[in-house]
Amino acid sequence: KHTVNLDNKIADVRVKPFTLEMGITFELHVSISGKKINVSEVPELSIPDDWMRDKLELNFYKSEQGGGGEVENVNYDKHSRTAVITFLRPG
């Protein structure tokens, strides 16, 4: 419990925990080759294109044990809802 002075008026406030929606879960469909992954049916999200590219890069970079790895390039096309992820090394 805290007391706050706002414009010469006292307000008692209390802190309560709440859950933040930290991420969005979505399903991707992929075709895999030696160095590139073609991603289709990327969901339409109301975020800038560069954020979507970053999300895709992080998703495939983090999944190193599942066929991912260090990402060289992400080519994302919002209109066709597709992306091509290119890795530095074939895997």
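The values are calculated or read from the model by the stated rules, or taken from the named source; none is laboratory data. In this text, all values refer to a predicted model and were calculated from it rather than measured experimentally. Cβ coordinates were reconstructed from backbone atoms using ideal geometry, including for glycine residues, and neighbour counts include every protein chain displayed. Note: accessible area is taken over every heavy atom of the protein model, side chains too, but ligands, DNA and RNA are not part of it. Shrake-Rupley method; radii C 1.70, N 1.55, O 1.52, S 1.80 Å.
So in region 13-37, with the set limited to residues that are of a type in the set (A, V, I, L, M) and over 21 Å from Gly69 (Cβ atoms), which one is modelled with the highest pLDDT? It comes out as Val13. Among the numbered conditions (1) at pLDDT below 85; (2) among the polar types (S, T, N, Q); (3) open to solvent by 80 Å² or more (accessible area, probe 1.4 Å); (4) outside any loop (DSSP other than H, G, I, E, B), the only one that Asn75 does not meet is (1).
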